[in-house]
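To keep things clear, I will list the structure first and then write my remarks on it.
The values are calculated or read from the model by the stated rules, or taken from the named source; none is laboratory data. Values in this document were obtained by computation on a predicted structure and should not be read as measured data. All Cβ positions, even for glycine, are placed from backbone atoms using ideal geometry, and neighbour counts span all protein chains on display. To get the accessible areas, we keep the full protein, side chains included, count just its heavy atoms, and leave off ligands, DNA and RNA. Shrake-Rupley method; radii C 1.70, N 1.55, O 1.52, S 1.80 Å.
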Amino acid sequence: MRKATNHDTGLLGLIAIVCMIIDHLGAAFFVGETWMRVIGRIAFPLFAWGIAIGAEHTRNIARYAWRLFILGVISQPFYMYGMNHPLSKLNVLATLLLGLLAVAGLKEQKTWISVCAVLAACFLDMDYGVRGVLLVVLLWAVRDNPLALSICFSAFCVFWGRGSGTVWRYHTFTLQLQQCAILALPLMLWPRSTRTRVPRLLTYAAYPAHLALIFLARQLLY
């Protein structure tokens, strides 16, 4: 059955992984190549969309949350050493996990869980922070309404991009780096009647594995 929006999280997950790797390569080795960072802005919205859609389709949301938690713990040292982040900064799996918990609280009508997840995001140092958690909740809320998705996500990107680096300026108009996340919107709006089967091990292993390779490459090159 064709959905109003793209629920093919397998395909979108692969696209997100490719964009993430390009982004991290740009951050690690090609600092001046802004286009790589722009492509990278597509990754997190697609991961957040995957969490929002996955929360609806999973048979066991608690097991889903545990998988994210375990993967986040495994990935943390690779994240620290691969991207030169301090011990206190948590990787993106923490953000996605809190986003999933916030959605779970709304689904189960246990608002306190959602409140605790958002409050935790306010105090923890992690990729994308509380804005990332709120994006998961927003995408979940508008997941099957293309018009609402377009309006809400576009507005969120404008807000999200404030304070990030400038990508392009023309007279009074300024495009900031994080606002380029809007490039993920057409992929979310692309309705598909098929589901792409992707081995779960591949999607889960991609995050720590590519960070480990970046770390090894840095040791060899520098």
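Rg and Dmax, both from the Cα atoms of region 9-106 and both in Å, are 14.3, 44. Less than 5 angstrom separates the built amide H of Leu90 from those of Asp125, Met126, Asp127, all sequence-distant by 5 or more or on a different chain.
Averaging Cα coordinates gives a centre for region 147-177 and one for region 101-125; these two points are 26 Å apart. Accessible area per residue for the chain, computed on protein heavy atoms with a 1.4 Å probe, is 53 Å². Between Gln176 and Val167, the built amide H atoms are under 5 Å apart, and every one of these is 5 or more places off in sequence or on another chain. Counted by Cβ distance under 14 Å from Leu187, the other residues give a net charge of +3, where Lys and Arg count +1 and Asp and Glu count -1. Farthest toward the positive end of the dipole of region 68-222, out of Pro86, Val198, Ile182, is the Cα of Val198, where the dipole comes from beta carbon charges about the Cα centre. Note on Thr172 and Arg63: the model spin-label points, each 7 Å out from Cα along the C-beta direction, lie 5.6 nm apart. Mind giving me the FRET efficiency for Gln109 and Ile151? R0 is 22 Å, r the Cβ-Cβ distance, nearest 0.05 is fine. Efficiency, from the Cβ-Cβ distance: 0.25.
Translational diffusion coefficient of region 66-204 (Stokes-Einstein, Kirkwood radius from Cα pairs, 10 °C, 1.306 mPa s): 94 µm²/s. Distances over 20 Å make up what percent of all Cα-Cα pairs in region 139-215? In whole percent, the long-distance tail amounts to 56. Put Ser114, Ser88 in order of accessible area, highest first, and with a 1.4 Å probe you get Ser88, Ser114.
Which FRET efficiency value, to the nearest 0.05, do you get for Arg218 and Val158 by plugging their Cβ-Cβ distance into 1/(1 + (r/R0)^6) with R0 = 45 Å? Here the calculated transfer efficiency is 0.80. Shape analysis of region 1-65 based on the Cα gyration tensor places the equivalent ellipsoid semi-axes at 28, 13, 8 Å, largest first.
Give me the percent of the accessible area of the chain that comes from carbon and sulfur atoms, probe 1.4 Å, all protein chains in place.
Accessible surface attributable to carbon and sulfur in the chain totals 67 percent.
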